[in-house]
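K.L.:
Take this structure first; my questions come after.
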Amino acid sequence: MRKLILLILWVFLSGILHAQEQLATVAKQYLLSGDFEKATPLYKQLLEYNENDQEIITGYIQCLMGLKSYNEAEKVLKKTIKKDKSHPLNYELGLVYHANGDQKKADKLFQEIIDKLAPLDDDVRNLATRFEKDGMLDRAITTYEKGRSLTTDFPYLYADEMAVLYAKKGDEEKAINSLMEVYISVPEKSDMVKGTLLRLLDKPEKMTAFEKNTQEKAKKNPDIMAYPDLLAWLMIQQKNYSGAFQQIKEIDTKLDEQGRRVLGFARAAFREREYVAAIQAYDFVIEKGKDFPYYQTCLSERLTCMKDQLRRNPKYTLEDITKLEKEYDALLNDYPLFKQRETIREYADLEVRYKHDVAKAIDLLKEAVQPNNPDRLFKGRCKLDMGDYELIRNDVWESTLLYSQVDKEFKQDALGEEARFKNARLSYYTGDFEWAQGQLDVLKASTSELIANDALNLSVLIVENNPIADSNSTPLLMFARADLLEFQNKDDDALAVLDSIATEYPKHPLGDNILMKKADIAYKRQDYSEAALQLQTIVNNFPEDVLADDALYNLAMINEDFFQNKDEAKRLYEQLITKYPGSSYVTPARKAFRKLRGDKADVEAF
């Protein structure tokens, strides 16, 4: 009998609890939708059975506040917190006082809450966040100041949070001063500080004024290295790399870093194509002498930088090429170890691309692939280069032999996939489309995105322009021939073949491919106006074809890098992003667009 009574009681209580849960759900939905009149009686009913449930009390108070029933809200809260003066709902009572116009009581209560804070980071942050959310920015700042006073270990604790609050108030001077406290005292937070500064210094005049102020502080405090470090960063944001170099050089010298920081700056400047500043920095380290640890590294990287500068210079001369060639020779003679590093590949590429001395390039790489070089991956890359160079001098057999050697040695690696692609491309060049297509079908699933994309593009070219039903493969054979001639740097011959295709087969679907190949040749010759003309024709006449997004992206880059037409480049990047959202160029286009729009560069530590 007793068990039966307990069972009945349990079922009864379970039913009550279930009903209350349903009631609480409905009440919360009304509250969230702002229907306080419907939510209020439900919360009042719930409160009768759960007078100590803080969530229900808070919901009821929100309803009363929404109905402006401040006196009732005050009454409920006072009853709840009567037994505990440090009750969490004191904050809600303060909000009621504030809303009801009793500011003195609100101020007193909020200050008591702040004064009673425990030295716990979560408590400080939670209270400050509530004040900030409710629009009481000064009290949020006071809360952080109180939290800072409770610990002696971190004198500039919460300075970044306070800076954001000062900025919200419009007091940018205090915001920046607060950030500077962090920057000077907690170096490991420098990247965070720079990120916050970027949000505050959102106009050129603000950046300039802050730089001037920082320069004055640096003069008054020459031993505080944080100031020149910050100045260098500020100058980089404003593209003043030469000025930034002077600051970085000063820090490196004073801290006896032996060129480490300057080398980091040189690499950052190189990435941004600020070649003059990068070479200045490399030279600074080199001039320290052979005994310094970064001497040889700078010698090599400086040449890489100079070669990239040459590649992007539309007005380079034979003298420029000869000078760089001599510098490579000098490095390799003085330090033969670079004959088995990437430097030798760069030099070989210089000989092929600019001096058209294929034989010398191959001789340079033959030494790099000798058995005494233990770096098999490097040797594999050199062999692929040699295969390319053999193809340039029309030795197809030697070229495919080298590709096949790499394929065999790196069967399961990305380098092996690259070798297979080059062999497939070689078959396409020589007109064996069926075999090439078979290889490309496999390579389209490559783990390397670059190889997969290249394989897909070449496969599409073959399939779309050599359909099985069409027995006339002559146009594609001619195009493959032109493609090979361009690869071999026989550009005039390639152009002649391309023109022949356009004349003999004016309606052939190769039209956009012909234009793209002409654009490639013009770009290689640094005739950017001609390249832009061909690309624009693709954009205008073949907007739905597979090369349209490629053409748009390359056209944007030419406008940005060579025409210095930033507005047009930005428009083209935006057009690509919106019109071809599935393009592989969307990510780099978005990055370029943001940079042109004026978004600040990522924080970079040297």
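Values in this text are rule-based calculations from the coordinates and carry no lab data. Fair warning: this is a prediction, and the values are worked out from it, not measured in the lab. Methodologically, a virtual Cβ is constructed for each residue, glycine included, from the backbone with ideal geometry; neighbour enumeration extends over all protein chains shown.
K.L.:
Sort Thr430, Thr40, Thr208 so the one with the fewest other Cβ atoms within 10 Å of its own Cβ comes first. Spell out each step's value before the answer.
P.N.:
Numbers: Thr430 16, Thr40 22, Thr208 13.
Ordered by Cβ neighbours within 10 Å, fewest first: Thr208, Thr430, Thr40.
K.L.:
Could you please rank Trp397, Trp435, placing first whichever residue has the fewest other Cβ atoms within 10 Å of its Cβ?
P.N.:
Starting with the residue having the fewest Cβ neighbours, the order is Trp397, Trp435.
K.L.:
Then there's this: Taking R0 as 25 Å, what's the FRET efficiency between Lys75 and Asp138 from their Cβ-Cβ distance, rounded to 0.05? Mind dumping the intermediate values first?
P.N.:
On the way: r = 29 Å, r/R0 = 1.15.
The value I calculate is 0.30.
K.L.:
If each Cα of the range 467-606 is one equal point scatterer, what is log10 of I(q)/I(0) from the Debye formula at q = 0.08, 0.14 Å⁻¹?
P.N.:
The calculated log intensity ratios at q = 0.08, 0.14 Å⁻¹ are -0.27, -0.71.
K.L.:
How about Lys411: which lysines have a C-alpha closer than 28 Å to its C-alpha, ignoring those fewer than 8 places off in the same chain?
P.N.:
Leaving aside lysines fewer than 8 places away in the same chain, those within reach of Lys411 are Lys339, Lys366, Lys379, Lys383, Lys422, Lys444.
K.L.:
What full-extension length gain, to one decimal in nm, is calculated for Leu477 and Asp291 as 0.36 nm per residue of separation minus the Cα-Cα distance?
P.N.:
Between Leu477 and Asp291, full extension yields 61.2 nm more.
K.L.:
What is the distance, in nm, between label points placed 7 Å from the Cα along the Cα-to-Cβ direction at Ala330 and at Val463?
P.N.:
It works out to 5.4 nm between the two label points.
K.L.:
Right, next: With no solvent and one point per C-alpha, what does the Debye sum give as log10 I(q)/I(0) for the range 385-520 at q = 0.09, 0.14, 0.17 Å⁻¹?
P.N.:
Normalising to I(0) and taking log10 leaves -0.26, -0.64, -0.93.
K.L.:
Anything over 23 Å Cα to Cα? Flag those among Lys169/Lys206; Lys315/Lys518; Lys249/Lys290; Lys168/Lys570, in the order listed.
P.N.:
Exceeds cut-off: Lys168/Lys570.
K.L.:
Still on this model: In percent, what relative contact order does the range 432-504 have, based on Cα pairs under 8 Å that are 6 or more apart in sequence?
P.N.:
Relative CO of the range 432-504 lands at 19 percent.
K.L.:
What whole-number distance in Å separates the alpha-carbon centres of the range 221-255 and the range 538-604?
P.N.:
When both Cα centres are located, 33 Å separates them.
K.L.:
Taking the alpha-carbon centroid of each part, what is the distance from the range 363-409 to the range 150-214 in angstrom?
P.N.:
55 Å
K.L.:
Give me the extension gain from Gln246 to Lys219: residue separation times 0.36 nm, minus the current Cα-Cα distance, reported in nm with one decimal. Present the calculation step by step, with values, prior to reporting the outcome.
P.N.:
Working: separation 27, 0.36 × 27 = 9.72 nm, distance 1.44 nm.
Length gained between Gln246 and Lys219: 8.3 nm.
K.L.:
Further, regarding this structure: Kindly put Arg267, Arg311 in sequence by how many other C-beta atoms sit within 10 Å of each C-beta, fewest to most. Numbers along the way, then the final one.
P.N.:
Working: Arg267 16, Arg311 13.
Ordered from fewest to most neighbouring Cβ atoms within 10 Å, Arg267, Arg311 come out as Arg311, Arg267.
K.L.:
Which residue, Ala39, Leu485, Ile251, has the largest displacement toward the positive end of the dipole of the chain when charges sit on each Cβ (Lys, Arg +1; Asp, Glu -1)?
P.N.:
Ala39
K.L.:
For Lys315 paired with Asn394, estimate the spin-label separation in nm (one decimal), with each label point 7 Å from Cα along the Cα-to-Cβ line.
P.N.:
3.7 nm
K.L.:
Only Lys, Arg, Asp and Glu count, each charged at its Cβ (+1, +1, -1, -1), so figure out the dipole size of the chain about its Cα centre, rounded to 20 debye.
P.N.:
Dipole of the chain, to the nearest 20 debye: 2240 debye.
K.L.:
With unit charges on the beta carbon (Lys/Arg positive, Asp/Glu negative), name the residue among Ala519, Tyr573, Leu596 whose Cα is farthest towards the positive pole of the charge dipole of the range 510-606.
P.N.:
Leu596
K.L.:
For the chain, what does the equivalent ellipsoid look like in terms of its semi-axes, each the square root of 5 times an eigenvalue of the Cα gyration tensor, given largest first in whole Å?
P.N.:
65, 37, 24
K.L.:
Okay, next question. Given +1 on the Cβ of Lys and Arg, -1 on the Cβ of Asp and Glu, and no further charges, what dipole in debye does the range 225-335 carry about its Cα centre, rounded to the nearest 20?
P.N.:
About 360 debye.
K.L.:
Starting from the Kirkwood radius over alpha-carbon pairs of the range 78-194, derive D by Stokes-Einstein at 20 °C in a medium of 1.002 mPa s and give it in µm² s⁻¹.
P.N.:
Value of D from the Cα-based Kirkwood radius: 141 µm²/s.
K.L.:
Hey, another quick one. Starting from the Kirkwood Rh over alpha-carbon pairs, what translational D in µm² s⁻¹ does the range 432-504 have by Stokes-Einstein at 20 °C and 1.002 mPa s?
P.N.:
D, rounded to a whole number, is 161 µm²/s.
K.L.:
So how much slack lies between Arg353 and Leu401, counting 0.36 nm per residue of separation and subtracting their Cα-Cα distance, in nm?
P.N.:
Working: separation 48, 0.36 × 48 = 17.28 nm, distance 2.26 nm.
This chain segment gains 15.0 nm when fully extended.
K.L.:
Still on this structure: Can you give the calculated 222 nm mean residue ellipticity of the chain, where each DSSP H run of n ≥ 4 adds -39,500 (n - 2.57) and the sum is split over every residue, rounded to the nearest 500 deg cm²/dmol?
P.N.:
-24000 deg cm²/dmol
K.L.:
Report the one residue of Tyr227, Tyr505, Ala269 whose Cα lies farthest in the direction of the positive end of the charge dipole of the chain (charges on C-beta: Lys and Arg +1, Asp and Glu -1; origin at the Cα centre).
P.N.:
Checking the options against the dipole of the chain, the answer is Tyr227.
K.L.:
If you don't mind, there's one more thing I want to ask. Normalised by the number of residues in the chain, what is the relative contact order in percent for Cα pairs under 8 Å and 6+ residues apart?
P.N.:
Computed value for the chain: 5 percent relative contact order.
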